[in-house]
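The values are calculated or read from the model by the stated rules, or taken from the named source; none is laboratory data. What you see is a predicted model, and the numbers here were worked out from it, not measured in a lab. Methodologically, a virtual Cβ is constructed for each residue, glycine included, from the backbone with ideal geometry; neighbour enumeration extends over all protein chains shown.
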């Protein structure tokens, strides 16, 4: 099995756990950091995730992973909140963020800039549209976006 298979199988195991507790899966990743492999699940819910929520999901998922035993490598399991600066990845992330300020970093410059901030107006499979300060709307191809996340001002 590949890392991609580990992620999809883990997401299948997570679905009933998250559904039972009213949590949402934001992302799952299989990554190498230093000498270790990590299987990470990022979860969320309406009013935010607590440490207790992460522990509950981690224990339930760990038991299922031990039972299923489909990952042949040694790894560290982490279940956490995605954090305030999480990138928008899935359509539901975009839907939830319509009307909110977002920061966009591009792979390469567009009109002399690699970074834009504006109000997320709309999105589809190919494009994201944001409203800029001057009232103009900017359409950016999703394939040109290195990262998009909610913008926070403190």
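Filter segment 114-126 for residues that are under 18 Å from the mean Cα position of the chain (by Cα) and part of a strand (DSSP E or B); which is surrounded by the most Cβ atoms within 10 Å (Cβ to Cβ)?
120
Among the residues of segment 104-113, is there at least one that is in a helix (DSSP H, G or I), within 30 Å of residue 140 (Cα to Cα) and in the same structural domain as residue 139 (by TED's automatic domain parsing)?
no
Which of (1) over 30 Å from residue 122 (Cα atoms); (2) in contact with a strand residue (DSSP E or B) (Cβ under 7 Å, 6 or more places away or on another chain); (3) surrounded by 11 or more Cβ atoms within 10 Å (Cβ to Cβ); (4) in contact (Cβ under 8 Å) with a residue 24 or more places away in the chain does residue 62 not meet, given it meets every other one?
The one condition residue 62 does not meet is (4).
Any residue at all in segment 65-77 that is more than 25 Å from residue 139 (Cα to Cα), loosely packed, with under 11 Cβ neighbours inside 10 Å and in contact with a strand residue (DSSP E or B) (Cβ under 9 Å, 6 or more places away or on another chain)?
Yes: segment 65-77 contains one or more residues that are more than 25 Å from residue 139 (Cα to Cα), loosely packed, with under 11 Cβ neighbours inside 10 Å and in contact with a strand residue (DSSP E or B) (Cβ under 9 Å, 6 or more places away or on another chain).
Could you say which residue among 26, 57, 7 is in contact (Cβ under 8 Å) with a residue 40 or more places away in the chain and in a helix (DSSP H, G or I)?
Being in contact (Cβ under 8 Å) with a residue 40 or more places away in the chain and in a helix (DSSP H, G or I) holds for just one of 26, 57, 7, which is 57.
Being assigned to a helix (DSSP H, G or I) and farther than 27 Å from residue 149 by Cα is the requirement here; does residue 20 meet it?
Against the criterion (assigned to a helix (DSSP H, G or I) and farther than 27 Å from residue 149 by Cα), residue 20 qualifies.
Residue 47 is checked against (1) outside the structural domain of residue 11 (by TED's automatic domain parsing); (2) closer than 29 Å to residue 14 by Cα and fails just one. What number does that condition carry?
(1)
Go over the candidates 52, 34, 48 one by one and state the one that is exposed (fewer than 15 other Cβ atoms within 10 Å of the Cβ) and within 19 Å of the chain's Cα centre (by Cα).
Only one candidate qualifies: 48.
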